[in-house]
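FYI, it's all coordinate maths here, none of it is from the lab. On a predicted model such as this, the values are computed, not experimentally measured, just so you know. So basically every Cβ, Gly included, is an ideal-geometry build from the backbone, and we count neighbours across all protein chains shown.
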Amino acid sequence: MATIVAELNAVDEAQEIIGLQLKQIAQILGADESTLHRWRSGTVPGGPSKVYLVKLETLHELITELRDAFRTPEAIRRWVWESRPPIFNGERPIDLLLAGKMERVTAVLWGVNNGMPS
């Protein structure tokens, strides 16, 4: 598992390359927005709990897979916000992310990046 700093950097990356608002990131992680602010400011002793560190690590993996698949922030945002891949039954990736299905989106991207049919 990466360091807490690296995992929290995934929050900044999610804002920058995916175009997510902090409120949306908190929803994806299943945390309160205020808690996310406290993690980032370092006011929570020890940082996020193990459960949230795993979710932050998955967010980091999602961003890595998105970058590998699409290369530019514009292409990433188009895929996340506009595409409706058949494997997602017509839902946009953002819909799945906000519904707490980050692992599913990450797994599909991993498969695409490793030559598996989607």
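One table, with the values for the structure above:
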read-out	value
Gained length - Val51 relative to Glu91, 0.36 nm times residue gap less alpha-carbon distance	11.7 nm
Per principal axis, descending, Cα span of region 22-118 in whole Å	43, 23, 23
Sequence of Val112, Val51, Val105 once ranked by neighbouring C-beta atoms within 10 Å, starting from the fewest	Val51, Val112, Val105
Region 52-83-region 11-43 distance, computed between alpha-carbon centres (Å)	14
14 Å Cα-Cα reach of Lys55 towards aspartates and glutamates, excluding residues that sit fewer than 8 places from it in its own chain	Glu7, Asp32, Glu103
